[in-house]
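So the structure is just underneath, and the comments pick up after that.
The values are calculated or read from the model by the stated rules, or taken from the named source; none is laboratory data. Computed from a prediction, not measured in an experiment: that's the story for all the values here. Because the Cβ atoms are built from the backbone with ideal geometry, glycine has one as well, and the counts that use them run over all protein chains shown.
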Amino acid sequence: MKATLIPTISTISVLTFVLSSLSLMAADEKKHATGYTDTPLLPDSKWRVHDDTRPRPKVVTPGKKAGEAPSDALVLFDGSDLSQWKKKDGSTGEWVVKDGYMEVPTKKSGKGGYLITKKEFGDMQLHIEWRAPEKVVSNSQGRGNSGILLMGQYEVQVLDSYENKTYADGQASSLYGWKPPLVNASLKPGEWQTYDIIFEAPKFDDDGKLLKKAYVTVLHNGVLTQHRQDYLGSTGHKSVAKYKKHPAKMSFKLQDHNNPTRFRNIWVRELDFSSND
Ligand code: MG
């Protein structure tokens, strides 16, 4: 005898459930459209909550691995040459370039001096890797001393701070002469270390009055060591830093402190903090 397919009560219930779920999902998709135009206005903003007309952020492709330059970065040193750098007199920098790194030359080579970026920067994100000499030949501030002088004057200290008893505001990732790092995240001498730095340039009015201080955030080997820390002013030695009016964009420098410190993989992203206003 031929079997007849008679829907049972439970089959009907299942079908009803599936159909109503599908229609709910369709309604849900509609509800989660690309944005809204009937939501409340955000405080001090022309945008509404989830505003559909608010510009979407620019797309940046991140590096494939940690420390690799994202798509909108300017690479200042990829290990091959010093074409993005100059000396104080404007001539090409003469630091040693070898095996993918650059190194502060010895004093007797006559080729030292600070390295200065050809391009000038204001607010920026900087990635830089550095290595203090493997062999410790001195102590305190004589161990792998260098520095990153943002805008040529706001230093983030570079130093071999691994088991190095030196003053706190002179340690690696300190704001030299002002703020010690939150913690000492140093690796052993001879190991490559990273700094990821977010810098906010100071602002002055036309008369030279300071309107906004410089601020910096530093991750040392991925560990937060400065959190939007203000600078007291232009870094000095054995003196209290002070601000002095300067242009909105300036080169940054790598310090020659007579120690053969090495650098590699240096890139910068210029920042616009108003891009998500
Ligand atoms: Mg220094």
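Structure notes:
- Residue within segment 175-191 that is outside any loop (DSSP other than H, G, I, E, B) and touching a Gly at 6+ places or on another chain (Cβ under 6 Å) present: no
- Filtered residue count, segment 175-185, keeping only those that are near the ligand (Cβ under 10 Å from one of its atoms) and within 18 Å of GLN125 (Cβ to Cβ): 0
- Verdict on ALA214 being within 11 Å of the ligand (Cβ to nearest atom), hydrophobic (A, V, I, L, M, F, W, C) and crowded, with 16+ Cβ neighbours inside 10 Å: no
- Against the test of being outside any helix (DSSP H, G or I), within 12 Å of the ligand (Cβ to nearest atom), closer than 17 Å to GLN255 by Cβ and acidic (Asp, Glu), the options GLU155, GLU129 yield a single qualifying residue, GLU155.
- The residue of segment 133-146 that is nearest to the ligand (Cβ to nearest atom), among those that are surrounded by fewer than 23 Cβ atoms within 10 Å (Cβ to Cβ) and more than 15 Å from LYS165 (Cβ to Cβ), is PRO133.
- LEU232 meets the conditions (1) within 15 Å of the ligand (Cβ to nearest atom); (2) more than 20 Å from the chain's Cα centre (by Cα); (3) under 12 Å from LEU175 (Cβ atoms) in every case but one. The failed one is (1).
- Flag for ALA172 being under 29 Å from THR92 (Cβ atoms), surrounded by 17 or more Cβ atoms within 10 Å (Cβ to Cβ) and more than 14 Å from the ligand (Cβ to nearest atom): no
- Across segment 108-125, the qualifying residues are those that are over 25 Å from PHE273 (Cβ atoms) and out of contact with any Ser or Thr (no Cβ under 8 Å at 6 or more places or on another chain), and the one among them that is surrounded by the fewest Cβ atoms within 10 Å (Cβ to Cβ) is LYS108.
- Contacts under 8 angstrom Cβ, first residue in segment 156-175 being in the same structural domain as ILE198 (by TED's automatic domain parsing) and on the phi > 0 side of the Ramachandran plot, partner hydrophobic (A, V, I, L, M, F, W, C) and within 12 Å of the ligand (Cβ to nearest atom), 6 or more apart: SER173/VAL156
- Being assigned to a loop (DSSP other than H, G, I, E, B) and charged (D, E, K, R) holds for only one residue in ASP206, ASP169, and it is ASP206.
- Failed item in (1) surrounded by 22 or more Cβ atoms within 10 Å (Cβ to Cβ); (2) more than 10 Å from the ligand (Cβ to nearest atom), with GLU163 passing the rest: (1)
- Pair list, Cβ < 8 Å and 6+ apart or interchain, from segment 233-255 residues that are under 17 Å from MET124 (Cβ atoms) and outside the structural domain of GLU200 (by TED's automatic domain parsing) to residues that are modelled with pLDDT under 95 and aliphatic (A, V, I, L, M): none
- Among residues of segment 247-277, those that are touching a Pro at 6+ places or on another chain (Cβ under 8 Å), assigned to a loop (DSSP other than H, G, I, E, B) and more than 16 Å from the ligand (Cβ to nearest atom), counted: 2
- Residues of segment 106-122 satisfying the condition of being within 19 Å of VAL156 (Cα to Cα) and either small (Gly, Ala, Ser) or touching a Phe, Trp or Tyr at 6+ places or on another chain (Cβ under 6 Å) (or both): GLY113, LEU115, THR117, GLY122
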